[in-house]
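The values are calculated or read from the model by the stated rules, or taken from the named source; none is laboratory data. None of these values were measured; they are calculated from a predicted model. Neighbour counts are summed over all protein chains in view; Cβ atoms, including those assigned to glycine, are modelled from backbone coordinates with ideal geometry.
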Amino acid sequence: MPTDEIRETTETTLPGIAASPGIAHGQVFLHLQNDLELPAHDIEPARRGEEAARFERALLATRQQVQKTKAEVEKNLGADEARIFDAHLLVLEDHALIGETLRELETTGHNIERCFHRVAQRYIAAFENIEDEYLRERAGDIRDVAQRLLQNLLGQAAQSLGDLAKGRVVVAGDITPSEAAGLDRSEALAIVTDSGSKTSHAVIVARSMRVPAVVGTRDLTRRVRNGDWVLVDGYEGKVILHPAEQTLFRYGQIRLAKKNIELRLLEASRRPAVTRDGAAVALRANIEQAGEAKLVREFHGDGVGLFRTEFLFLSSPRVPTEEEQFQAYRAAAEALAPAPVVIRTLDLGGDKPMAGGAHLFAREANPFLGHRAIRFCLDQPAIFKDQLRAILRASAHGNIRLMYPMISGREELARANAVLDECRAELKAKGVPFNADLAVGTMIEIPSAALTADLLAQDCDFFSIGTNDLIQYLLAIDRVNDRIAHLYEPTHPAVLRTLKHIVTQAHRRKIKVSVCGEMAGDPVYAPLLLGLGVDELSMTPPLLPAVKFAVRAMKMTDAKKLAKDALKQESAKAAQALCEKFHRTRVKVD
Ligand code: PEP
Ligand code: MG
């Protein structure tokens, strides 16, 4: 714990960004993970032997855990897949690394966590600077193992975040998407992070799990301790420390009122998504796992508009096999047939590093501009082909469509399609069934793709606009940086003109356009998108009822007028005001 911590015991309200709706009241579980949060104290010379013994015990425990994981992977998947863990074991047996850590303890007298962390960082930096690619990748192994060992030293590794967070409000500097995926409703009451924004992937996962979340609270981790009582308001984006009785009472009433509205919306969402003037709109769901198909049905979604397949990879210690992927894609398709399931090929990288794939990714200064999504897949044909074959095979079992993420232009699309053709030929040669007419689309989420939409439309069957990334790249706003989150403006004139351009180009070539970014799940923006000519909207399942309500409450002719007026505005604020007015006057449920 830092010594300059600020502590309050009276009620204090901290503003943040509303990231996932809901209200929760509970005790804090502080999930600290970054370097600065390591405990820092000095060890007297007489107790250094004990400190060294603690280190030996943590090394042993970590070796046993790695061996256990290795044995499981070897049994299920074979020796090749398990080989990565040999590299981890080598790190844990490395005499130089262990010896240096113990020497550091002797010379500095610092606690062993700090000593080990310092030595491991030196090793990581040294490996990262090696020319040889294989050796450079070992930096990732050391990072992985060092993390595990530190968790053991801190007494955290035995349990997953999910177990530790059971019935608690998780407060963290940041959490990774795979950690978020490990927390389900029954375990965490709410998630609060110092950093992050509405479109960071961990937040998207929280929304789909219906866990209230507030992000961008800046220094909350320094203000609370494990066990403190907090109230999380995921509607307004507030965290209230040590809430008073009166506040709890007021929030109890707000919670009841909100629940009531949600139930009414859900009830109303049984009816079709048709506007008051008779235009039918396809409202689909975004999912991260096949099991979420039941949520899609619960919220009356018209199939899946975006299956973020990378979450299969994030929740696994290694790259899933073709067969495992096939089973997942087939399960989703069968659960929702005849409704469509749009499966997006891997979008790893950016804010979705793969814990078990450290050997596949190098550390990057700008991960969102780096080796992400289709770029990674085209460089890793074996991984890409396993996924494409799995999707093709699953296409024989339901209404599957395939979509590529982060396409930047026509040549890249052609390269991806060439790999897909190879996979089709391989399956055909083996007599494995697949849908020969599988629709293949592309995400439009990079400005270069938007500007060349006319060219891309000639080579694919549909577009899906990823507004989360498109806005990030158009406005140069890092989508996970809370400091600039207020500059992330979906109604910026550049965004609206770009959306209009994409839709016009797509329709000119008779292909449909969906929006699957977070903008699509916001009832304030849904009428604008539909008015701009977007054909389909896809969103986190729990957001479907509110958007369907908006669609059913509006007329398409009015939405078209809204879009036309919004396009004439010279500022994001002016267009935003028009959308809000439209929502207030035509859509609001009270
Ligand atoms: C997007 O960028 O809008 C999108 C839907 O993809 P993701 O959020 O997974 O990057
Ligand atoms: Mg994206």
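Below is a table of values for the structure above.
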quantity	calculated
Enumerated helices (runs of 4 or more DSSP H) restricted to region 453-545, each holding at least 2 residues that are of a type in the set (G, A, S)	493-508, 526-531
Residue that is nearest to L392 (Cα to Cα) [pool: residues in region 432-461 that are crowded, with 18+ Cβ neighbours inside 10 Å and within 14 Å of ligand 1 (Cβ to nearest atom)]	G441
Lone qualifier among P39, P21, P45 - being at pLDDT 90 or above and under 34 Å from the mean Cα position of the chain (by Cα)	P21
Yes/no for L388 being surrounded by 23 or more Cβ atoms within 10 Å (Cβ to Cβ) and in a loop (DSSP other than H, G, I, E, B)	no
Set K512, K555, K500: member being more than 20 Å from V205 (Cα to Cα) and either in contact with a strand residue (DSSP E or B) (Cβ under 7 Å, 6 or more places away or on another chain) or free of Cβ contacts under 8 Å to residues at least 40 places away in the same chain (or both)	K512
Residue in region 480-499 that is in the same structural domain as V440 (by TED's automatic domain parsing), surrounded by fewer than 19 Cβ atoms within 10 Å (Cβ to Cβ), closer than 27 Å to F307 by Cβ and among the charged types (D, E, K, R) present	no
Where A450 falls short, out of the listed (1) without any contact (Cβ under 8 Å) to a residue 12 or more places away in the chain; (2) under 16 Å from L413 (Cβ atoms); (3) of a type in the set (A, V, I, L, M)	(1)
Residues of region 360-390 satisfying the condition of being within 16 Å of ligand 2 (Cβ to nearest atom) and touching a residue at least 24 places away in the same chain (Cβ under 8 Å)	F368, R372, A373, I374, R375, F376, C377
Residue tally, condition within 17 Å of D347 (Cβ to Cβ), in contact with a helix residue (DSSP H, G or I) (Cβ under 8 Å, 6 or more places away or on another chain), outside any helix (DSSP H, G or I) and touching a residue at least 60 places away in the same chain (Cβ under 8 Å), over region 391-417	4
Filter result for I465 (closer than 16 Å to L530 by Cα, within 14 Å of ligand 1 (Cβ to nearest atom) and aliphatic (A, V, I, L, M))	yes
Some residue of region 388-400 being within 25 Å of I175 (Cα to Cα) and more than 19 Å from the chain's Cα centre (by Cα)	no
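Matching residues to (1) touching a Lys or Arg at 6+ places or on another chain (Cβ under 9 Å); (2) charged (D, E, K, R); (3) in contact (Cβ under 8 Å) with a residue 60 or more places away in the chain:
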| residue | (1), (2), (3) |
| --- | --- |
| A282 | yes, no, yes |
| I287 | yes, no, yes |
| L306 | yes, no, yes |
| E310 | yes, yes, no |
| V319 | no, no, yes |
| Q327 | no, no, no |
| A331 | no, no, no |
| A339 | yes, no, yes |
